[in-house]
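Okay, structure first, notes after.
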Amino acid sequence: MIQAVSHLWLPFTQMQSFDASARTFVRGDGTSLYDARGRRLFDAVSSIWTIIHGHSHPAIVDAIALQAATLDHATTLGATNLPAEALAQALCELCETDYAFFAGDGASAVEAAIKMALHYWQHLGETRRTRFLRLVDAYHGDTASAMSVSDIAVFKSRYGPVTFETRPYERADDLEAPDVAAVIVEPIVQAAAGMRLVPIEHYVPLRNCMPLVIVDEIATGFGRTGTMFAYEQLDLRPDLIALGKGMSGGVLPLSAVLARERIYQAFLGAPEERKQFFHGHSYAGNPIACAAALASLELFALEGTFERAGSIERVAGERSATLRTHPAIREIRQAGTMIGIELHDAQRAWPVTNALYELGHFTRPIGATVQLVPPLSSSDEDIADFFDAFSEALERTN
Ligand SMILES: Cc1ncc(COP(=O)(O)O)c(C=O)c1O
């Protein structure tokens, strides 16, 4: 039996009321997590939008074990390794981009993308292009630049002194300002804003604009919205694409910025010109994480992941249509397999989530919105069971 947490400080968690003995995970298998009390939980939030093919998938476990025994880690500062090379090629082919720059967590990819955009304009001699635009209600992570291009007050208001000012992108005119370096957007759905759906028309001016377009696919990438990447549905050709979370199948920290040729070219020069990108993370391009990512990419075809995702989307859509008539429900928003169930009463969101846990479903609310973002390997029954449990949770918290 695992001891209660005593020295662990958890992210986004009020530790004073946290009871580790009630929520300690000891095993994962497929769409299930098992806690120290022996309860089985459906991972209804894919461990915060990471897990794609289920927990401890044998193909990913094997790839990790083989790579760990072959080459565990080697820095990519001035050196390369075979899994990182292969993954860069696979990602560039998938996204029709030219280069992959690896980082660690999603926020570190966003940091890299922001610095890359700023530095790119300096290389072009356009030094006034220093401003960043972002969507209203944006979320791009918790490091300083990522917070700066985010817009959720409760996550960033305390950290004003370490962030910089950014402007909202609300209309096409905003893109015309001569000081704008880049606009960063979450495609289709803003997950951290409670699965807020962005109208497709909002992205149209980004198809042809002067500032660089950074698309943040960290939450939406790797099949969650029905296509491999959500921006594919928007007819966008981003200059930079940030990837993370599901890239390694969701099992190891790995993120990347994909860049187009013209951006990469701007950083080339003789060593004494010092034009290289001054950014790097110790574990960037870690061979084990890259091997996991390559195994995960193969599983999409081997396991018919997109067909499964289509079925999840359909079942969730049908069940939402019924649940939405419940008087406690304000709105249900869905983009592919990313679903937000918003309650009228935000105070009820945690009690409903806790009741769901007791009923065998693990998720988290964002404000008044309870999330269902299941692994793409979930069965139709998993999804139907979640909706049944949700109705029961509403009864129990009435
Ligand atoms: C759209 C988006 N960008 C960036 C991030 C930050 O990723 P990470 O938590 O891996 O730093 C998140 C995390 O939820 C996200 O949803």
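General observations
- Percentage relative contact order, region 59-302, counting C-alpha pairs under 8 Å, at least six apart: 30
- Cβ-based charge dipole, the chain, positive-most Cα from T70, S148, I218: S148
- Diffusion of region 59-302 by Stokes-Einstein, at 20 °C in a medium of 1.002 mPa s and with Rh set to the Kirkwood radius over alpha-carbon pairs, works out to 117 µm²/s.
- Counting DSSP beta bridges with both ends in region 84-221, the antiparallel % (nearest 5): 15
- Using a simple spin-label model with pseudo-atoms 7 Å out from Cα toward Cβ, R207 and L66 lie 4.3 nm apart.
- Its Cα gyration tensor gives region 1-125 an equivalent ellipsoid; the semi-axes, largest first and in whole Å, are 35, 22, 15.
- Between the exposed loop cleavage positions of the chain, defined as GluC sites (Glu not before Pro) in a non-H, G, I, E, B DSSP state with at most 11 neighbouring beta-carbon atoms within 10 angstrom, the longest gap is 171-398.
- Fewest neighbouring Cβ atoms within 10 Å first, the residues V162, V257, V45, V61 line up as V162, V61, V45, V257.
- Backbone HN-Hα couplings from phi across region 87-99 [Karplus 6.51/-1.76/1.60, Hz, Gly and Pro as x]: 5, 4, 5, 4, 5, 5, 5, 4, 9, 6, 10, 10, 9
- Cα shape, region 79-223, gyration tensor, a/c 1.5 rule: rounded
- Each residue in K245, K156 was given a count of other beta-carbon atoms within 10 angstrom of its own, and listing them fewest first yields K156, K245.
- Cross-link partners of K275 among aspartates and glutamates (Cα-Cα below 16 Å; sequence separation of 8 or more within a chain): E126, E261
- Cross-link partners of K245 among lysines (Cα-Cα below 28 Å; sequence separation of 8 or more within a chain): K115, K156
- Sequence-distant residues sharing a close amide H with R330 (under 5 Å, placed H): E342, L343, H344
- Most positive-pole-ward Cα, L118, S296, Y283, against dipole of region 59-302 from beta carbon charges: L118
- Calculated from backbone phi, Karplus (6.51, -1.76, 1.60) coupling profile of region 154-169 in Hz, x at Gly/Pro: 5, 7, 10, 4, 6, 10, x, x, 10, 10, 10, 7, 10, 10, x, 9
- Full extension of the chain between E273 and R128 yields a length gain of 50.1 nm, computed as 0.36 nm times the residue separation minus the alpha carbon distance.
- Whole-Hz couplings from phi, Karplus 6.51/-1.76/1.60, listed for region 73-85; x for Gly and Pro: 8, 8, 4, 9, 6, x, 8, 10, 8, 5, x, 5, 4
- Counted by neighbouring Cβ atoms within 10 Å, the residues R224, R171 run from fewest to most as R171, R224.
Bear in mind that the values in this text are calculations on the coordinates, not laboratory data. In this text the structure is predicted, and so the values were computed from the model without any measurement. Note that we place each Cβ from the backbone using ideal geometry, even for glycine, and neighbour counts take in every protein chain shown.
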